[in-house]
Amino acid sequence: MLSFPLEIGARAGGFGAAVRGIDLSRPLPRGVAEDIRAALAEHGVLWFADQPLTHAALEAFSLAIGPFGPNPFVHALPGHPGIVEVRRDPDERAVVFGGGWHSDWSFLPEPPAATLLHAKVVPPQGGDTLFCDTRRAFEALSPGFQALLAGLRGVHSAAGPYGSEGYFAKEQGRTGMRIVTGPEADGCHAHPLVPRHPVSGRPALFASPGYTVGIEGFAREEAAAILDFVFAHMTSERFVYRHRWEPDMLVIWDNRAVLHCATGGYDGHLRLMHRTVIAGGAPA
């Protein structure tokens, strides 16, 4: 039962919900942070329209949800170490930041539990974000394939985008963000392919084309066959929600049960967002 009169309007099927009845620029009433965390665990993605937020207000709301997690490989705003500016200038020709399916920083030993993104400047076209429900994707698999995946550990690495030979190291034309690349991104860390959510207890696929590079104990070709099937399955249309942004909208998603992918389609226009991540634990 909600402790405050929040209005949570879930999409059909329950993946994603609009939250109304709260002003995020002010301190949260007692119990509301717990309600929001519970709604996030249930719906995976929440969005709050018409929320003009200063840096301080975004930081305060983020910290009400949980402590800040690390932001490797991208520079934070000066004086605001918890906030990363996700910016693409009108004349940029570099690849869209976050433009492949991934769960934020899944290559860390303790990946972020959640990500918050606040829209400052929304282009007149394009710039949607796609979200994938990895819980329903797992539940839709056959019992035999579920049992196979449940015993495996995926190998995650940041080398593809952020390594010394990664695509961010080779690109040109980026003006809006300062991205760090180098050999420190070349390491690997393994997590269960099907961890259980620490709040809901539901199993979910925890793998992505962006960061999952193998499976422990499997040859490269064997792992690729399994992972390619999993990636195609989980990002099929029936598990995906396309989110359209509005200025001053805040979206929070659960990295433990959701993949996301930024889209382009707004060349010639500025797109500006501010992002925080909430610390999490090791998937289990």
Quick check: anything in the stretch 15-36 in contact (Cβ under 8 Å) with a residue 40 or more places away in the chain, out of contact with any Leu (no Cβ under 6 Å at 6 or more places or on another chain) and surrounded by fewer than 18 Cβ atoms within 10 Å (Cβ to Cβ)?
no
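In the stretch 183-205, what residues are assigned to a loop (DSSP other than H, G, I, E, B) and either touching a residue at least 40 places away in the same chain (Cβ under 8 Å) or within 15 Å of residue 107 (Cα to Cα) (or both)?
Of the stretch 183-205, the ones assigned to a loop (DSSP other than H, G, I, E, B) are 186-187, 193-195, 197-202, 204-205.
Residues satisfying the conditions are 186, 187, 193, 194, 195, 197, 198, 199, 200, 202, 204, 205.
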Taking interchain pairs and intrachain pairs at least six residues apart, which have beta carbon atoms under 7 angstrom, with the first residue in the stretch 56-75 and within 18 Å of residue 30 (Cα to Cα) and the second modelled with pLDDT of 95 or more and assigned to a helix (DSSP H, G or I)?
64/33; 65/33; 65/36; 65/37
Read through the list (1) modelled with pLDDT of 95 or more; (2) closer than 23 Å to residue 106 by Cβ; (3) touching a Gly at 6+ places or on another chain (Cβ under 9 Å), then give the number of the only condition that residue 17 fails.
(2)
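So, residue 42, is that one within 26 Å of residue 110 (Cα to Cα), surrounded by 14 or more Cβ atoms within 10 Å (Cβ to Cβ) and over 19 Å from the mean Cα position of the chain (by Cα) or not? First the steps, then the outcome.
Numbers: within 26 Å of residue 110 (Cα to Cα): yes; surrounded by 14 or more Cβ atoms within 10 Å (Cβ to Cβ): yes; over 19 Å from the mean Cα position of the chain (by Cα): no.
Spelling it out, it is not the case that residue 42 is within 26 Å of residue 110 (Cα to Cα), surrounded by 14 or more Cβ atoms within 10 Å (Cβ to Cβ) and over 19 Å from the mean Cα position of the chain (by Cα).
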Residue 248 passes all but one of (1) within 18 Å of the chain's Cα centre (by Cα); (2) surrounded by fewer than 20 Cβ atoms within 10 Å (Cβ to Cβ); which number fails?
(1)
Can you tell me how many residues within the stretch 157-180 are touching a Pro at 6+ places or on another chain (Cβ under 6 Å) and surrounded by fewer than 14 Cβ atoms within 10 Å (Cβ to Cβ)?
1
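The values are calculated or read from the model by the stated rules, or taken from the named source; none is laboratory data. Values in this document were obtained by computation on a predicted structure and should not be read as measured data. Using ideal geometry, Cβ is built from the backbone for each residue, glycine included, and neighbour counts are taken over all protein chains shown.
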